[in-house]
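Engineer: Let me give you the structure first, and then I'll get to my questions.
Please treat every number below as a calculation from the coordinates, not as lab data. As the structure is a prediction and not an experimental result, all values here were calculated from the model. So basically every Cβ, Gly included, is an ideal-geometry build from the backbone, and we count neighbours across all protein chains shown.
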Amino acid sequence: MKAFFKEFKEFISKGNVLDLAIGVVIGGAFTSIVNSLVNDVIMPIVGAIIGGLDFTSIAIPLGGDAAIMIGNFLQAVVNFLIVAFVLFSVIKAINKFKKNEEEKPAEAPEPSEEVKLLTSIEKELKKINKAKK
């Protein structure tokens with residue numbers, strides 16, 4: 001049992017697990033922001049454009065009190081598209097930044113004194129060999 005808890009401790013303390021947990025928490029917080037953006041900003045504008053229609057009230061009655069709430073589904077689709085667009089924009093910006101960083105050529109370090117000396121010896125030997133021919 002002790003080995004089990006030790007293995008669990010190693011697993012949970014790995015960087016990837018912690019990164020994933022942080023991502024999930026931030027994603028949960030981001031969801032409320034996106035929902036507010038969609039419900040309070042975008043959907044009223046879309047509703048005004050198409051004649052004041054409230055998407056959440058769109059339903060397909062099935063008989064009795066049962067109905068398919070197609071408006072809620074449409075709103076969820078809009079939420080998804082906004083999240084996908086924001087993530088796409090963020091990832092595109094990050095990739096552009098990384099690409100700009102990679103394109104910068106690294107400056108070659110100054111050769112050491114030994115390398116400079118060996119290079120000059122090599123040049124002199126080439127001159128001597130050419131003169132002998």
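Engineer: Across the stretch 1-49, what is the number of residues that are surrounded by 10 or more Cβ atoms within 10 Å (Cβ to Cβ) and outside any helix (DSSP H, G or I)?
Structural biologist: Number satisfying all stated conditions: 1.
Engineer: Give me a count of the residues in the stretch 60-112 that are out of contact with any strand residue (DSSP E or B) (no Cβ under 7 Å at 6 or more places or on another chain) and farther than 29 Å from Ile33 by Cα. Working first, answer last.
Structural biologist: Our first condition is that a residue be out of contact with any strand residue (DSSP E or B) (no Cβ under 7 Å at 6 or more places or on another chain); within the stretch 60-112, this holds for 63-66, 69, 71-112.
Remaining after also requiring farther than 29 Å from Ile33 by Cα: 63-66, 99-112.
Adding up the residues that qualify gives 18.
Engineer: Let me ask something else about it. Is one or more of the residues making up the stretch 64-80 free of Cβ contacts under 8 Å to residues at least 12 places away in the same chain and of a type outside the set (A, V, I, L, M, F, W, C)?
Structural biologist: Taking the stretch 64-80 and keeping what is free of Cβ contacts under 8 Å to residues at least 12 places away in the same chain, we get 64-68, 73, 76-77, 80.
Adding the requirement that they be of a type outside the set (A, V, I, L, M, F, W, C) leaves 64-65.
Scanning the stretch 64-80, I find at least one residue that is free of Cβ contacts under 8 Å to residues at least 12 places away in the same chain and of a type outside the set (A, V, I, L, M, F, W, C), so the answer is yes.
Engineer: Are there any pairs with C-beta distances below 7 angstrom linking a residue in the stretch 82-96 that is at negative phi to a residue that is in a helix (DSSP H, G or I) and not basic (Lys, Arg), with the two at least 6 apart or on different chains, and if so which?
Structural biologist: Note: pairs meeting the criteria are Ile82/Val34; Ile82/Leu37; Ile82/Val38; Val83/Val34.
Engineer: Confirm whether Ser120 is of a type in the set (Ser, Thr, Tyr), assigned to a helix (DSSP H, G or I), under 30 Å from Ile26 (Cα atoms) and free of Cβ contacts under 8 Å to residues at least 40 places away in the same chain. It would help to see each step written out before you state the result.
Structural biologist: On the way: of a type in the set (Ser, Thr, Tyr): yes; assigned to a helix (DSSP H, G or I): yes; under 30 Å from Ile26 (Cα atoms): no; free of Cβ contacts under 8 Å to residues at least 40 places away in the same chain: yes.
Criteria not met by Ser120.
Engineer: Just to be sure, is Ser57 under 19 Å from Ala84 (Cβ atoms) and polar (S, T, N, Q)?
Structural biologist: Against the criterion (under 19 Å from Ala84 (Cβ atoms) and polar (S, T, N, Q)), Ser57 does not qualify.
Engineer: Of everything in the stretch 50-95, what is of a type in the set (A, V, I, L, M), in a loop (DSSP other than H, G, I, E, B) and exposed (fewer than 12 other Cβ atoms within 10 Å of the Cβ)? Give them in sequence order. Let's see the steps before the verdict.
Structural biologist: Quick first cut of the stretch 50-95, residues of a type in the set (A, V, I, L, M) only: 50, 53, 58-60, 62, 66-70, 74, 76-78, 81-84, 86-87, 90-91, 93-94.
Among the residues that remain, those that are also in a loop (DSSP other than H, G, I, E, B) are: 50, 53, 58-59, 69.
Selection gives Ile50 alone.
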